Amino acid sequence: MTLQFRADVDLRPYNTFGMAARAAHFCQLDNAADLPALLAHPLYLQGPVLWLGGGSNLLLTRDYPGLVVKVALAGIRLLGEDGDDVIVEAAAGENWHGFVQHALAQGWFGLENLSLIPGTVGASPVQNIGAYGVEVKDRLLEVVCARLDRNGEALTLSNAECRFGYRDSVFKREAAGRLLVTAVRFRLSRRADLRTGYGDIQKQLQADGVDQPTPLDISRAVVAIRQSKLPDPAVLGNAGSFFKNPVVDAGQAAALLERHPQLPNYPAADGRVKLAAGWLIDQCGLKGYRDGDAGVHDKQALVLVNHGQATGAQMHALARKVQGSVSEKFGVALEPEPLIL
């Protein structure tokens, strides 16, 4: 067994908000073969347990009283090819952007619009991460899991069994605390199928002087867009987009658009309409707002930032203030994306 357990561990390096919090106990899972031993360990059995990926979708408001397990499973491998299609497996602990760049370097296309999204491969199906017209479910074949209630027994879920929704999956609901994602398999292609429908991408390609883009050009454009709008967590603590774009019924959307015709909106499932949360927050006058070191980013109102010494409780209070302001002005409820502890 290679597991090492440490006590009273500073969690600041393990969450992109840079929140000062401590774990009563901590260990890193580097090898899936160690999982049964971990699940039988007294520190795991006495609980509670927090499974941690890249820490980019987490707001810690207090010290963690139990065991924090950092999932660091690594490895990328080609499982098979079928014509232009390739089946690729990436371990849960792989950095997401690093995996996307590796895939592009191998000529495996389909994930370029998801470049520079923070976090790990293992978190990608949990959140059904998405950007610029693509969601991870569009390219995901299946998810390899370990059953935490059966000594780490392997279980593979198909795309359909993951029950993906907007920033949602079975892993956030029925499977939460029961299944641990250990690897994700993707169906990618050697043939480019470019998604350039978003205006920001088109503008960036024009700025780059690209007339006939390749998947690598799309990735570079997405990276440039994200870097221009979103702060680097290494410089300014944040967890990316803090709120989901709200999805409302057609009637509510029509009423809002009658009063606010500039409100960005997009068709969603079942005739519903997705609204731009960042625009709603901006219209409440909160872009760039700051209360101590807890703030709303001045370039993208969807992002809450830690200017240095903000506590998790202060950041949580700011999130509630934003929610209250949007609800009062627009009658729209904003739902946080990160897990708030």
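The values are calculated or read from the model by the stated rules, or taken from the named source; none is laboratory data. Bear in mind that the values here come from a model prediction, so they are computed numbers and not experimental data. Backbone-built Cβ (ideal geometry, glycine too); neighbour counts: all protein chains shown. What goes into the accessible areas is simple: the full protein's heavy atoms, side chains included, and nothing from ligands, DNA or RNA. Shrake-Rupley method; radii C 1.70, N 1.55, O 1.52, S 1.80 Å.
General observations
- Residue 122 vs. criteria part of a helix (DSSP H, G or I) and loosely packed, with under 15 Cβ neighbours inside 10 Å: no
- Residue check for residue 92: more than 17 Å from the chain's Cα centre (by Cα) and of a type in the set (Gly, Ala, Ser): no
- Residue selected from segment 196-247 under the condition buried (at least 19 other Cβ atoms within 10 Å of the Cβ) and among the hydroxyl-bearing types (Ser, Thr, Tyr), by the criterion farthest from residue 334 (Cα to Cα): 219
- Residue ranges of strands (runs of 3 or more DSSP E) in segment 140-193 with at least 1 members more than 30 Å from residue 246 (Cα to Cα), open to solvent by less than 20 Å² (accessible area, probe 1.4 Å) and not aromatic (Phe, Trp, Tyr): 140-147, 179-189
- Filter result for residue 251 (small (Gly, Ala, Ser), under 18 Å from residue 282 (Cβ atoms), free of Cβ contacts under 8 Å to residues at least 12 places away in the same chain and open to solvent by 30 Å² or more (accessible area, probe 1.4 Å)): no
Rundown of residues vs (1) at pLDDT 95 or above; (2) under 21 Å from residue 38 (Cα atoms); (3) not polar (S, T, N, Q), yes/no style:
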| residue | (1), (2), (3) |
| --- | --- |
| 112 | yes, no, yes |
| 115 | yes, no, no |
| 130 | no, no, yes |
| 158 | yes, no, no |
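- The single condition among (1) modelled with pLDDT of 95 or more; (2) over 16 Å from residue 187 (Cβ atoms); (3) not aliphatic (A, V, I, L, M) that residue 151 does not satisfy is (1).
- Filtered residues of segment 295-317 (kept if open to solvent by less than 20 Å² (accessible area, probe 1.4 Å) and over 21 Å from the mean Cα position of the chain (by Cα)): 310
- Criterion violated by residue 98 - all others in (1) free of Cβ contacts under 8 Å to residues at least 12 places away in the same chain; (2) touching a strand residue (DSSP E or B) at 6+ places or on another chain (Cβ under 8 Å) satisfied: (2)
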